[in-house]
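Below: one structure, written as structure tokens.
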Amino acid sequence: MLLYLVKRIVLAIAIIAIAVTLLFLMIRAVPGDPVSVLLGPLATPEMRAELYQQMGLDKPLVVQVVIFFGGLLHGDLGIDVFSQRPIADIVFEQLPYTIELILVSIFWAVVVAVPLGCYSAVRRNSLVDQVAGIVTIAAMAIPSFVIAVYGMLIFAVALRWLPAIGAGNGFWDGLIHLILPGFAIGVGWVGYLSRLVRASMLEVLGENHVRVARSFGISEWRIVARYALPLAILPTVTILGVGIAWLLSSAVFIEVVFARPGIGALIVNAVNTRNYPIVMGVVLVTTFLIVTATTLSDLVNAFLDPRARERF
């Protein structure tokens, strides 16, 4: 397990380095001059030259990449050209809002999807299974921003049960403000995870160790919880780790729709203003989150299933 852990950490570092380099080059290839956007058409050549130098855009592209990675080794993501504040401070001020939104979305989706998938597998082809299949497939087909808009119109505008915008003040108020955006992101995951758990559970329930457990007269739900679910949940753990990228992309739309703070709204504003340092800071943090989540899901799978260590 220790050797597997070392291999996964080395691979994660390599992936982060390659991904950040490629994204750095892609951002530089975006049409538009950030200095012209920041200073406007009335800027003098002296002002433009000074800002170019301040942003490091006067140096060759290879030198910019080397300087950027050199700053990362010292924990420096750069300085925001607008506020003159460290980018790390700006990003990590917004990051908790996005993380709590993702955690709430995943939590309620897993709490609903795993029991629903297990019940559908045990009661295969029953009325509940058929209805659940239709509802979950429909949930996967509807985009999260559509659910967000209609959820806001129904529960915030028409019924006035829930707040429509903002992140709230305090724990309970913040939790209430998370209901609608968390629901919008989690609905699709309920459908996807429940289908995945059902398919995995059906496969595991047909294996020999489950038949042996039934021959000893163990109750079906005890077999599901103790012998089948720990194996059937493995694909779900993997999907949750890989799906962090999809969750972050959904959070971008949801934070804009609900006017919530977070790295989604931050990166949209940064891209619109060609604020390269902020964009790179957000990209670096999100890349780290995605690779970390994928690595953790692999480690959990390796812990639950030792065969996964041998395949790596």
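A few remarks follow.
- Any hit, the stretch 286-297, residues being modelled with pLDDT under 75, of a type in the set (A, V, I, L, M) and within 20 Å of ILE15 (Cβ to Cβ): no
- The stretch 138-148, subset in a helix (DSSP H, G or I) and not small (Gly, Ala, Ser), residue most open to solvent (accessible area, probe 1.4 Å): PHE145
- Some residue of the stretch 242-255 being under 24 Å from PRO86 (Cα atoms) and free of Cβ contacts under 8 Å to residues at least 24 places away in the same chain: yes
- Filtering the stretch 12-31 for residues that are in a loop (DSSP other than H, G, I, E, B) and either modelled with pLDDT of 75 or more or under 15 Å from ASN275 (Cβ atoms) (or both) leaves a non-empty set.
- Of all residues in the stretch 73-115, exactly one satisfies the criterion of being closer than 19 Å to SER250 by Cα, touching a helix residue (DSSP H, G or I) at 6+ places or on another chain (Cβ under 7 Å) and either open to solvent by 50 Å² or more (accessible area, probe 1.4 Å) or part of a loop (DSSP other than H, G, I, E, B) (or both), namely TRP108.
- Considering the stretch 170-185, and only residues there that are surrounded by 16 or more Cβ atoms within 10 Å (Cβ to Cβ) and of a type outside the set (Gly, Ala, Ser), the residue that is farthest from SER105 (Cα to Cα) turns out to be HIS177.
- Among the residues listed as ALA167, ALA132, the single one being in contact (Cβ under 8 Å) with a residue 12 or more places away in the chain, buried (at least 16 other Cβ atoms within 10 Å of the Cβ) and over 18 Å from GLU255 (Cα atoms): ALA132
- Hits in the stretch 267-294 (condition: β-branched (Val, Ile, Thr), within 22 Å of LEU5 (Cα to Cα) and either free of Cβ contacts under 8 Å to residues at least 24 places away in the same chain or surrounded by fewer than 17 Cβ atoms within 10 Å (Cβ to Cβ) (or both)): THR292
- Residues considered: GLY151, GLY166, GLY174. Of these, the only one that is on the phi > 0 side of the Ramachandran plot and either modelled with pLDDT under 85 or assigned to a helix (DSSP H, G or I) (or both) is GLY166.
- Test: residue in the stretch 190-199 that is basic (Lys, Arg) and either surrounded by 14 or more Cβ atoms within 10 Å (Cβ to Cβ) or closer than 27 Å to SER105 by Cα (or both): yes
- When the stretch 48-63 is filtered for residues that are assigned to a helix (DSSP H, G or I) and closer than 11 Å to PRO277 by Cβ, the ones remaining, listed by number, are GLN54, MET55.
- Pairing each residue of the stretch 60-87 that is aromatic (Phe, Trp, Tyr) with any residue that is open to solvent by less than 40 Å² (accessible area, probe 1.4 Å) and outside any helix (DSSP H, G or I), provided the two are 6+ apart or on different chains, yields C-beta distances under 8 Å for PHE68/GLY78; PHE82/ASN275.
The values are calculated or read from the model by the stated rules, or taken from the named source; none is laboratory data. Computed from a prediction, not measured in an experiment: that's the story for all the values here. So basically every Cβ, Gly included, is an ideal-geometry build from the backbone, and we count neighbours across all protein chains shown. Just so you know, the surface numbers come from the protein's heavy atoms only, side chains and all, with ligands and any DNA or RNA stripped out. Shrake-Rupley method; radii C 1.70, N 1.55, O 1.52, S 1.80 Å.
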